[in-house]
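The values are calculated or read from the model by the stated rules, or taken from the named source; none is laboratory data. Source: prediction; values computed, not measured. Ideal geometry is used to build each Cβ from the backbone, glycine not excepted, and the neighbour counts take in all protein chains shown. Just so you know, the surface numbers come from the protein's heavy atoms only, side chains and all, with ligands and any DNA or RNA stripped out. Shrake-Rupley method; radii C 1.70, N 1.55, O 1.52, S 1.80 Å.
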Amino acid sequence: MRQLQLFFFFMSISLLTSAQDSSITPDYLFPIEPGKQNYFAGSMGELRTTHFHGGLDIKTRGVEGLPVYAAEDGYIIRMRVSPFGYGRGLYMMHPNGHWTVYGHLQRFAPELEEYIVKKQYEKESFEINLENLPSNLFVIKKGDIIGYSGNTGSSAGPHLHFEIRDQEERPLNPVDFGFSEVMDNIPPTVRSVRLRPLEIYSRVEGEFSTALKTVTGKPGYYQASSFNALGKVGIEIDTYDRADGTYNKYGINKIQVYENDKMIYEHIINRIPFDESANINTFTDYKAFLDTKRRYQRLYKFDSNHLPIYPDSSLTGFIEIDPNERKNIRIELWDSFDNHTVTKFSIRGNNPAPRASKKFDSISIEENIMKVALPAEKGKPLQLHFPLWNQSVQPAYHKGNINYYLWDLRDGLPFMCSVDSTKLDTHLKYQVPHNTSLKYFGKNLNIEFRERSLFDTLYLTVQEQQNLLKINDYYTPLHASASIEYEVNDSSLVSKKNFVFRIDQKGKTHFVGGKWKGNTISFRTSKLGKFTLMPETIPPKIIPLKKWKSNQLRFKIEDEDSGVATYKATLNGEFILLEYDAKKDYIQTRLLDDKKALKGKFHMVITDHAGNSSVYSKTY
């Protein structure tokens, strides 16, 4: 009888899946303690370091091991285990073509757990990704326990990551499906607004620089003081949401901007394809995030931003300010629960004298504009030096005894600029377009950019000093890695033991790697900035820990320089599974038969990314 029931259930799943009727609105079950009040640790579309958050992070009261329930009838289509990402993750397919995803699980339900461990032994690998599983392998009913909540993968604490995806695997906002377990009656919070000049002749508070105004008010309504500006400008906002009973900060799903009561901009974050999620670095100000850890959302369409979040592409958010003009700005924000906040301020068409500042960068590049700041006589022109000509540029404005000069790099890349006897090398080498594969050939340096390496046009700068290579700076985001070949002229640095390290703004080094061929080292990097060569010869540390189970070994493994790359072990010469938690520097054995004793010769090898290995051997 049980087999007959499964047969008819499987047939209904197959028929409905093939139809994929997206008009069905499922009554999804909340996957953690359904029917009880709960809280989110993270919301759909929330702004993360490198991406938009693609689902809900559901709190589990700070503990692991809570039952995770299937949100709807369906079957397991994918299982994945990794020390990173979602850790232990399950993917379900449902009759209407939707997917649900359950991440950071401590363990799967017994039948699923037994299956995945068997496959790990077959592949002799802890990391495993089983896709397109047969629809009759694990048929699941709504409310079945499919796993237990945990903290595996790239998780900062115990919780369940939960997603609902459409037929194209684009994440949907689970809140839209009417879960009553979470309450939110708090309107979005706004901390500040900024105004940015967008063209070479634009000014904000008298200069070519972004100005910030803090707001007054409370969730629901805020005001900011007026900006002074001329030309084409764009608004940026620092905002977040809260919910009842928690101090977590969430994302804002919908924002509209009105200029004198006419809507000029709108975005709605309700579904973002995973391959576009990294465009958060064009949607927000990447440099400001690195400096302040705050995400300023651009309320205008950045030219290289192709996110599918704009219902009307004609609403660009650009604002043109003429002299003596006043424009009243209203920003309206909604969270996932339709709580609403309004923020108001005005922009006046004035160009006041900018305030003097003791801090300034001699040369900086903002989008296409090079800004040069030099002490000089008021009105003194700047000379730009090109390979075949020189160009004189008048000061755009001055602050105290500092003249500020602006140059559009689309009109040419000067190699030097000067005022009187003061000379500055720009280090500009090439204009690299985005969405194009290109290889730059320099004197000692070749850089290959892939089609998706860049978010926007890159004005490539290169500086070389003793054991220091600087390619643009820390503030240049990459969408995908770039390949670099660097010819090292200092023979004392040419060594198989030396590797490339990136130096961050705080002076901390981060292992990049590299392979030598003669005196040239090749490496790939997902970040630009400062690079240096350093030895990495220290093998990982292996520290045995006290047993929790008689047939399981536990270890602390540490490698501070290059990090753990591979981990392998045998018991009496045969593969034994190692379960690795990268964030805790922790590894443990797991037998295929959990009731079997662990006896015999155990041999484990841990290797770091520089190729250094440590061995632990013992007979039990």
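For residue 311, are the conditions met, namely being more than 20 Å from residue 208 (Cα to Cα) and either open to solvent by 30 Å² or more (accessible area, probe 1.4 Å) or not assigned by the TED database to the domain that holds residue 268 (or both)?
Spelling it out, residue 311 is indeed more than 20 Å from residue 208 (Cα to Cα) and either open to solvent by 30 Å² or more (accessible area, probe 1.4 Å) or not assigned by the TED database to the domain that holds residue 268 (or both).
State all residues of region 418-430 that are outside any strand (DSSP E or B) and surrounded by fewer than 19 Cβ atoms within 10 Å (Cβ to Cβ); if no residue qualifies, say none.
420, 421, 427
Considering only residues that are touching a Gly at 6+ places or on another chain (Cβ under 7 Å) and more than 22 Å from residue 585 (Cβ to Cβ), look in region 113-159 and name the one that is surrounded by the fewest Cβ atoms within 10 Å (Cβ to Cβ).
Going through the qualifying residues, I end up with 148.
Could you run through region 384-417 and say how many residues are of a type outside the set (A, V, I, L, M) and loosely packed, with under 15 Cβ neighbours inside 10 Å?
12
Find the residue count for region 175-215, including only residues that are more than 29 Å from residue 367 (Cβ to Cβ), open to solvent by less than 50 Å² (accessible area, probe 1.4 Å) and more than 28 Å from the chain's Cα centre (by Cα).
1
For region 348-359, name all the residues that are loosely packed, with under 15 Cβ neighbours inside 10 Å and touching a residue at least 24 places away in the same chain (Cβ under 8 Å).
352, 353, 355, 356, 357
Inspect region 586-603 for any residue being under 30 Å from residue 287 (Cβ atoms) and surrounded by 13 or more Cβ atoms within 10 Å (Cβ to Cβ) and give the result as yes or no.
The answer is no; no qualifying residue exists.
Taking into account only those residues within region 514-566 that are touching a residue at least 60 places away in the same chain (Cβ under 8 Å) and among the β-branched types (Val, Ile, Thr), which is least open to solvent (accessible area, probe 1.4 Å)?
Checked region 514-566; the qualifying residue least open to solvent (accessible area, probe 1.4 Å) is 532.
Look at residue 80 and say whether it is touching a helix residue (DSSP H, G or I) at 6+ places or on another chain (Cβ under 7 Å) and charged (D, E, K, R).
Criteria not met by residue 80.
Looking at region 40-56, which of its residues are open to solvent by less than 20 Å² (accessible area, probe 1.4 Å), in a strand (DSSP E or B) and of a type outside the set (Phe, Trp, Tyr)?
Result: 42, 56.
How many residues does region 289-318 hold that are closer than 20 Å to residue 232 by Cβ and of a type outside the set (Lys, Arg)?
16
Please find, within region 57-87, the residue that is nearest to residue 116 (Cα to Cα) out of those that are part of a strand (DSSP E or B), touching a Ser or Thr at 6+ places or on another chain (Cβ under 9 Å) and open to solvent by 30 Å² or more (accessible area, probe 1.4 Å).
67
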